[in-house]
Amino acid sequence: MSLSLPEPPAGRQPSAGSFRFWFASHRWEWSPEIYRMHGYEPGEIEPTTELMLGHKHPDDREPVAEAIARSESQGEPFSSRHRFIDTHGVEHSVMVVADRILDAHEHPVGTAGFYIDLSDTIADAGHEALGQKLPEIVEARAVIEQAKGVLMRMYRITSAQAFSVLTWRSQETNVKLRALAEQLIAELPTLPPPETTSVSQFDHLLLTLHERIPPD
């Protein structure tokens, strides 16, 4: 999957950024957007697990450390919902959606995905996108509301945040919002009954929806 993201408009902080984490070397790679989310210029510092944990909200630091350790030891994607504090003291609430990186033998060698900022910046972007896409939203309201409900349940986020996630995937993949929503609902029966691994599997489904939408 592609992990490149467009630059945010001038004056707006990034609402999503991509990352990679390699298990053997314990090496993190951040896109420019994640550097800026944390208050750094791209390349200003080397992202490490210790640096990341230092930025986490004190109440979320231990669960995130456990998620990273589990990712390394069990070859799982690093998926999380947590808060971090940037260099300016601003708190960010983020959702990390990730998938595994597999080698030629289908063995997990790392994890890659996106940080999605659920703070006011992404909510504002979602409201702006809503105005731009209003005719499409009205026509496809039912299926989009269903897809929002799924995201709200899986990630325990609000309706506005769920719409922002769908809008982000639409912009990132250049696929219509309605088509993504319809594909998400169509593929729900393929998921196993809810269990510990369900969120990781849902992350993979969300990040690859655009690859399975039939051409017009």
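One table, with the values for the structure above:
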{"item": "Residue within the stretch 173-194 that is more than 19 Å from residue 16 (Cα to Cα) and acidic (Asp, Glu) present", "result": "yes"}
{"item": "Some residue of the stretch 75-88 being loosely packed, with under 15 Cβ neighbours inside 10 Å, outside any loop (DSSP other than H, G, I, E, B) and touching a strand residue (DSSP E or B) at 6+ places or on another chain (Cβ under 6 Å)", "result": "no"}
{"item": "Search result, residues across the stretch 168-178 that are in a helix (DSSP H, G or I) and in contact with an Asp or Glu (Cβ under 9 Å, 6 or more places away or on another chain)", "result": "173, 177, 178"}
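No lab work stands behind these numbers, since they all come straight from the coordinates. Note that this is a predicted model, so its numbers are computed, not measured. Because the Cβ atoms are built from the backbone with ideal geometry, glycine has one as well, and the counts that use them run over all protein chains shown.
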